[in-house]
Amino acid sequence: MQIVILAGGLGTRLKPLTDTIPKPMISINGRPFLEYKIEMLKRNGFGDFILCIGYLGEKIEEYFNSGKSLGITIRYAKEEKPLGTGGALKNAEKFLEDEFVVVYGDSFLDMNYENLIADFYKSKKMGMTVVFKNNPKIVLNNIEVADRGEVLNYDKKNEGRSNYVEAGVHIFKKEVLNFMPENSVFSLEEELLPILIKKGELNAYITDKRFYDIGTFERLNIFKDIL
């Protein structure tokens, strides 16, 4: 299945590192974080990549080009202005197939993606989001999942009834793009997921594999320690 990497963020919490390079290109042991991520996804069976780029995106394109050197295919959807996670996905619409996986450019989750895709097809829902059991607890829970797997609520600001953590991996049918405005700032987490939840069109795939991200210096150092 096609995979979309959202790699257009400003990375303000990692300044001054991100003054001259985009966050996914931060060097770890001499190689950009994004290269580790792409290689991991390739090991999990992905070969068709769409990179949504914005801030300093030319640095990403110059480094990876067509993806041929990595044995994959890469195409680029370029933002002229910051559009948020959902707006960036909408901006890539012309490249997208009927179903696709979406991941964030600053996160890392090595798990069985084949099982995720199989569960998505079985669910017959418009969307599926990967959730982490959060044991041991690494962050606050932010998503409520019913016993049958349906997502009931997503709340980033209030733990409330949440019993899992959204792990930065989603899978969607292309029709979800119909809920997104053209060329506008739009959030996957804050706007699209609640729409799908309200319609009963979002299920969860539960993993016990810990996810990592490099959104802060502390988290960047944690990821360095696992390599």
Every residue from segment 185-203 that is in contact with a Ser or Thr (Cβ under 6 Å, 6 or more places away or on another chain) and farther than 26 Å from residue 81 by Cβ: 203
Segment 159-180 - residue that is open to solvent by 80 Å² or more (accessible area, probe 1.4 Å) and out of contact with any Leu (no Cβ under 9 Å at 6 or more places or on another chain) and, of those, nearest to residue 3 (Cα to Cα): 175
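Of the residues 213, 225, only one is out of contact with any Asp or Glu (no Cβ under 6 Å at 6 or more places or on another chain), over 20 Å from residue 87 (Cα atoms) and not aromatic (Phe, Trp, Tyr); which?
225
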Residue 46 in a loop (DSSP other than H, G, I, E, B), surrounded by 17 or more Cβ atoms within 10 Å (Cβ to Cβ) and in contact with a helix residue (DSSP H, G or I) (Cβ under 8 Å, 6 or more places away or on another chain): yes
When residues of segment 117-142 are limited to those that are more than 29 Å from residue 184 (Cβ to Cβ) and among the basic types (Lys, Arg), the one surrounded by the most Cβ atoms within 10 Å (Cβ to Cβ): 133
Tally, over segment 79-106, of residues that are open to solvent by less than 10 Å² (accessible area, probe 1.4 Å), assigned to a strand (DSSP E or B) and closer than 21 Å to residue 12 by Cβ: 1
Residues located in segment 181-210, provided they are open to solvent by less than 90 Å² (accessible area, probe 1.4 Å), in contact with an Asp or Glu (Cβ under 9 Å, 6 or more places away or on another chain) and at pLDDT below 95: 189
Candidate set: segment 107-116, residues that are assigned to a helix (DSSP H, G or I) and open to solvent by 30 Å² or more (accessible area, probe 1.4 Å); chosen: the one farthest from residue 74 (Cα to Cα): 115
Which numbered condition residue 44 fails, given (1) touching a Gly at 6+ places or on another chain (Cβ under 9 Å); (2) under 18 Å from residue 170 (Cβ atoms); (3) of a type outside the set (A, V, I, L, M, F, W, C): (1)
Where a residue in segment 8-29 is surrounded by fewer than 21 Cβ atoms within 10 Å (Cβ to Cβ) and its partner, wherever it lies, is among the aromatic types (Phe, Trp, Tyr), with Cβ under 6 Å and at least six apart: 10/55; 26/33
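Residues checked against (1) under 15 Å from residue 107 (Cβ atoms); (2) open to solvent by less than 10 Å² (accessible area, probe 1.4 Å); (3) charged (D, E, K, R); (4) part of a strand (DSSP E or B):
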site: 5; (1), (2), (3), (4): yes, yes, no, yes
site: 34; (1), (2), (3), (4): yes, yes, no, no
site: 52; (1), (2), (3), (4): yes, yes, no, yes
site: 61; (1), (2), (3), (4): no, no, yes, no
site: 75; (1), (2), (3), (4): no, no, yes, yes
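The values are calculated or read from the model by the stated rules, or taken from the named source; none is laboratory data. Fair warning: this is a prediction, and the values are worked out from it, not measured in the lab. Don't worry about glycine lacking a Cβ; one is built from the backbone with ideal geometry, like all the others, and counts go over all protein chains shown. Only protein heavy atoms, including side chains, enter the accessible area calculation; ligands, DNA and RNA are left aside. Shrake-Rupley method; radii C 1.70, N 1.55, O 1.52, S 1.80 Å.
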